[in-house]
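The values are calculated or read from the model by the stated rules, or taken from the named source; none is laboratory data. Computed from a predicted model, the values in this text were never measured in an experiment. Ideal geometry is used to build each Cβ from the backbone, glycine not excepted, and the neighbour counts take in all protein chains shown. Heavy atoms of the whole protein, side chains included, go into the accessibility calculation; ligands, DNA and RNA do not. Shrake-Rupley method; radii C 1.70, N 1.55, O 1.52, S 1.80 Å.
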Amino acid sequence: MKIKKWSLLFLAGMLVTFLAACSGDKAEETKGTADNKSNSGSEKVLNFINPEAIPSMDPALATDESSFVYLAATMEGLYRLDKDTKPVPGIAIDHEVSPDGLTWTFKLRDDAVWENGDPVTANDFVYAWRRAVDPATGSEYGPYMMNGVIKNATAISKGEMAPDQLGVRAEDDYTLIVELENPTPYFESLTTFGTFLPLNQKFVEEQGDKFATSSDTLLANGPYTIKDWKSTSNSWNLVKNGKYWDAKTVKMDKLTFKVVKDPQTAVNLYEENSVDRVDLTSDLVDQYTSNDDYTVTPDTFVYFIKFNQTKSEALANTNIRAAISRAFDKKALVEEILNNGSIVANGLVPKDFTPMPDSGKDFREVSGDLMKYDLDAAKQFWAKGLEELGTDKVELELLADDDATTKIMVEYIANQLETNLEGLTVKIKQVPKEQRLDLDTNMDYQMQVSRWGPDFLDPYTYMNLWTTDSGNNWMGYSNPKYDELVKATVTTLATDNDARYQNFLEAEKILFEDAAIAPIYQASRAQLISPRVKGVFINPFGATYEYKWADVAE
């Protein structure tokens with residue numbers, strides 16, 4: 001059994017230092033099909049499964065794991081994460097930071113072109129970033145990633161200033177200047193993320209509302225182009241982009257993807273050598289644990305239940321939320337339902353993600369268990385909440401994705417809640433992920449199983465989710481003290497890392513005193529990965545998979 005473990009503490013430690021200074025044996029399996037040939041002079045191809053259709057290929061509108069994976073494969077920003085999760089030159093070849101940390105000057109390469117042959121210039125970044133914070137675009141991530149970071153982003157996203165006032169400008173075609181609101185030493189890391197990708201303005205405007213809805217309405221500047229894709233597609237291909245500036249590094253001719261939601265079907269395809277990687281559900285883990293291709297990778301995704309306080313009088317009650325948060329056995333869930341290496345989550349910031357700058361201890365260890373399974377306490381909170389509501393019955397709807405693993409999990413949670421909290425009825429609503437994301441954005445749900453993976457290596461990527469004006473806080477939660485603590489970490493305390501982390505600790509405690517969300521588990525990935533697959537990296541933050549360096553083992 002191969003166990004891959006991320007050295008997250010090492011990586012985070014490097015960032016902290018930086019901050020202080022300024023996410024069956026198949027060895028013989030090569031089918032004689034065109035899609036699997038790698039040594040005969042034909043195409044180099046790897047075949048993968050995706051759990052859902054791609055929700056969006058628009059960098060400004062993407063909000064989910066799948067979207068950012070394929071954006072990273074087909075596009076390139078200023079920097080890209082390498083195999084060690086370090087930013088390496090992408091369109092930028094270098095940058096300088098002013099002594100006060102507020103002005104970043106990026107020098108861009110002059111040999112990068114778009115798929116249509118147009119040069120990639122500083123103006124492409126200016127246009128894309130302005131578009132991401134323009135309220136007319138309707139981006140969630142633009143304001144989330146840029147507000148409080150890039151000068152004037154907050155005012156622009158609120159409609160108080162024009163987008164052209166954003167602190168980003170092109171000094172010339174290959175010099176990009178970015179002005180920040182506050183010193184942000186990890187800004188280089190931010191530029192690797194999908195929201196900060198450039199866009200060819202002429203192309204986007206020519207496509208109009210059709211932009212990013214199909215292969216024909218997209219323009220790549222990265223390692224691959226996406227082919228045979230529409231917004232509703234259940235299969236698509238990534239094809240090597242011969243016009244990519246670093247095309248010589250890209251070994252693969254094609255990567256194929258198909259949507260398969262049923263785990264057994266996916267495993268059957270793997271056994272047939274039709275695909276090169278599959279995720280395993282709990283029932284399949286026991287079957288394949290001894291398989292040489294079995295791999296467990298610890299992850300930084302944290303799953304939780306969101307409570308929409310605007311859609312239910314019951315969920316507006318802190319005691320009701322506190323009861324639900326404590327009323328389901330998370331240990332049994334990860335060990336018996338998931339059975340894939342996932343661990344119980346009793347907080348928001350995941351385990352082994354970032355150390356405390358003063359002691360080096362893991363943030364999760366220091367912050368402790370803030371929301372544990374506690375049936376006695378749950379019943380006490382429940383009784384008090386019902387009394388405050390003046391009722392003995394509550395009916396709530398639980399929204400979730402429609403994949404098989406989630407189905408089993410939400411059925412378990414709903415059963416636990418109904419069994420342990422007398423008078424509670426939970427109705428399950430499962431929909432495709434894209435629809436769930438729309439319902440989330442429109443706040444058209446009561447309870448929702450959601451998750452978050454980090455976009456950069458700092459607790460702020462989790463803590464900023466629940467500030468009152470966050471572009472991801474679609475549940476009506478607001479606590480001025482929480483806002484004050486979190487916002488100070490990127491403003492008045494931006495260069496005082498010890499103080500920042502103390503604020504994060506205090507804010508996380510407030511979040512769970514308010515029972516704003518109910519943590520469920522921190523994920524791991526149990527997979528079968530063919531020995532053919534080489535050079536596909538899993539990132540602990542940002543896009544989950546990096547395919548630029550993918551290859552087929554000889």
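What to note about this one:
- In the range 391-406, residue farthest from Glu65 (Cα to Cα) [restricted to those that are of a type outside the set (Val, Ile, Thr) and in a loop (DSSP other than H, G, I, E, B)]: Asp392
- Filtered residue count, the range 416-428, keeping only those that are farther than 29 Å from Asn234 by Cα, touching a Leu at 6+ places or on another chain (Cβ under 9 Å) and outside any loop (DSSP other than H, G, I, E, B): 7
- Those residues of the range 93-129 which are closer than 19 Å to Thr217 by Cα and assigned to a loop (DSSP other than H, G, I, E, B), in sequence order: Trp114, Glu115, Asn116, Gly117, Asp118, Val120
- Residues within the range 198-226 that are outside any loop (DSSP other than H, G, I, E, B), more than 16 Å from Pro55 (Cα to Cα) and either modelled with pLDDT under 95 or of a type outside the set (S, T, N, Q) (or both), tallied: 8
- Test set (1) surrounded by 20 or more Cβ atoms within 10 Å (Cβ to Cβ); (2) farther than 24 Å from Leu457 by Cβ; (3) out of contact with any Ser or Thr (no Cβ under 9 Å at 6 or more places or on another chain); (4) of a type outside the set (S, T, N, Q) - Asp329 fails condition number: (1)
- Pair list, Cβ under 6 Å, 6 or more apart: the range 161-184 residue in a helix (DSSP H, G or I), other residue open to solvent by 10 Å² or more (accessible area, probe 1.4 Å): Pro163/Arg130; Pro163/Asp134; Gln165/Asn152
- Any hit, the range 407-415, residues being among the charged types (D, E, K, R), surrounded by 14 or more Cβ atoms within 10 Å (Cβ to Cβ) and in a strand (DSSP E or B): no
- Residues satisfying the stated conditions in the range 227-237, i.e. aromatic (Phe, Trp, Tyr) and outside any strand (DSSP E or B): Trp229
- The number of residues in the range 429-459 being surrounded by fewer than 16 Cβ atoms within 10 Å (Cβ to Cβ) and assigned to a strand (DSSP E or B) comes to 1.
- Selection status of Ala73, at pLDDT 90 or above and in contact with a Phe, Trp or Tyr (Cβ under 8 Å, 6 or more places away or on another chain): yes
Condition check ((1) crowded, with 17+ Cβ neighbours inside 10 Å; (2) touching an Asp or Glu at 6+ places or on another chain (Cβ under 7 Å); (3) over 19 Å from Ile91 (Cβ atoms)) across all residues:
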{"site": "Phe193", "(1), (2), (3)": "yes, yes, no"}
{"site": "Val204", "(1), (2), (3)": "yes, no, no"}
{"site": "Lys210", "(1), (2), (3)": "no, no, yes"}
{"site": "Lys230", "(1), (2), (3)": "no, no, yes"}
{"site": "Asp262", "(1), (2), (3)": "no, no, yes"}
{"site": "Glu271", "(1), (2), (3)": "no, no, yes"}
{"site": "Leu280", "(1), (2), (3)": "yes, no, yes"}
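- Selected residue (criterion: surrounded by the most Cβ atoms within 10 Å (Cβ to Cβ)) from residues of the range 493-526 that are modelled with pLDDT under 95, assigned to a strand (DSSP E or B) and of a type outside the set (A, V, I, L, M, F, W, C): Arg525
The rows are residues; the columns are (1) in contact with a helix residue (DSSP H, G or I) (Cβ under 7 Å, 6 or more places away or on another chain); (2) open to solvent by 50 Å² or more (accessible area, probe 1.4 Å); (3) within 29 Å of Ile529 (Cβ to Cβ); (4) of a type outside the set (A, V, I, L, M).
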{"residue": "Asp293", "(1), (2), (3), (4)": "no, no, yes, yes"}
{"residue": "Lys306", "(1), (2), (3), (4)": "no, no, no, yes"}
{"residue": "Glu313", "(1), (2), (3), (4)": "yes, yes, no, yes"}
{"residue": "Thr318", "(1), (2), (3), (4)": "no, yes, no, yes"}
{"residue": "Glu335", "(1), (2), (3), (4)": "no, yes, yes, yes"}
{"residue": "Lys361", "(1), (2), (3), (4)": "no, yes, no, yes"}
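- Criterion: modelled with pLDDT of 95 or more and either part of a loop (DSSP other than H, G, I, E, B) or of a type in the set (D, E, K, R) (or both) - qualifying residue of Lys243, Lys261: Lys243
- Qualifying residue in the range 438-454 (condition: within 30 Å of Pro183 (Cβ to Cβ) and of a type in the set (Val, Ile, Thr)): no
- Count of the range 301-345 residues which are of a type in the set (Ser, Thr, Tyr) and either part of a helix (DSSP H, G or I) or within 23 Å of Leu284 (Cβ to Cβ) (or both): 4
- Qualifying residue in the range 192-207 (condition: in contact with a Ser or Thr (Cβ under 6 Å, 6 or more places away or on another chain) and more than 18 Å from Tyr70 (Cα to Cα)): yes
- Selection from the range 122-153 of residues that are modelled with pLDDT of 95 or more and among the β-branched types (Val, Ile, Thr): Val126, Val133, Thr137, Ile150
- In this structure, Tyr462 does not satisfy being in contact with a helix residue (DSSP H, G or I) (Cβ under 6 Å, 6 or more places away or on another chain), within 30 Å of Ser66 (Cα to Cα) and either part of a helix (DSSP H, G or I) or at pLDDT 95 or above (or both).
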